[in-house]
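What follows is a single structure, written as structure tokens, with notes after it.
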Amino acid sequence: MSIFEIFLLSLALAADALSVGAAVGLRYCAPRQIFRLSFHFGLFQSLMPLVGALLGRLVLGYIRPYDHWIAFGLLSSVGVKMLISALRGASAKAACQEADPTTGWTLIGLSIAVSIDAFAAGVGMALTMSVTSLLVAVTVIGIVCGFATWFGIRAGKVLHSWVGGRIEAFGGLVLIAIGINMIRA
């Protein structure tokens, strides 16, 4: 696999992280929140193909029937929380300082949800790549995903400042839609 192909794969795998980052960035916009989400999404996006390459053949059969339901549950719960908050009219300044999805188990759950497809990609990469190429690939995937998440959060923050609180409700609906789309996939 060439570096260009690895980069294209990285962009494809980062699409969910970009979308979730944009939705989360509508409401959670403090610098620490942006860093945490970008770092963890990038980290998990690079670790999951590695885990997929190492354990995929053993575990994939057990996880595959449920992975979309797990992702749906995590994304939808954050989306519903954002939608309820938008309907209640919480202030944006207070939102950046309250408990948020960039901490604790929610952060870990979201990180896993956006990187489940990278696990499956890791299984395929292990069959076609040397160990050195695999390490290069997972590094590139993690970096691209981290930057895509950062960009998504920043874009969400800009949209929020232009449109106001209504965009948060839209972001919540987007997360729910992504979760529903994962069920259908």
Notebook entry, point to check: Hey, rough spin-label estimate for THR106 and ALA12, points 7 angstrom out along Cα→Cβ, what's it come to in nanometres?
Noted result: 3.2
Check: Using 7 Å Cα-to-Cβ label points, what is the LEU55/ARG154 separation (nm, one decimal)?
Finding: 3.5
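Just so you know, all these numbers are worked out from the coordinates, no wet-lab data involved. Keep in mind it's a predicted model, so treat the numbers as computed, not measured. Don't worry about glycine lacking a Cβ; one is built from the backbone with ideal geometry, like all the others, and counts go over all protein chains shown.
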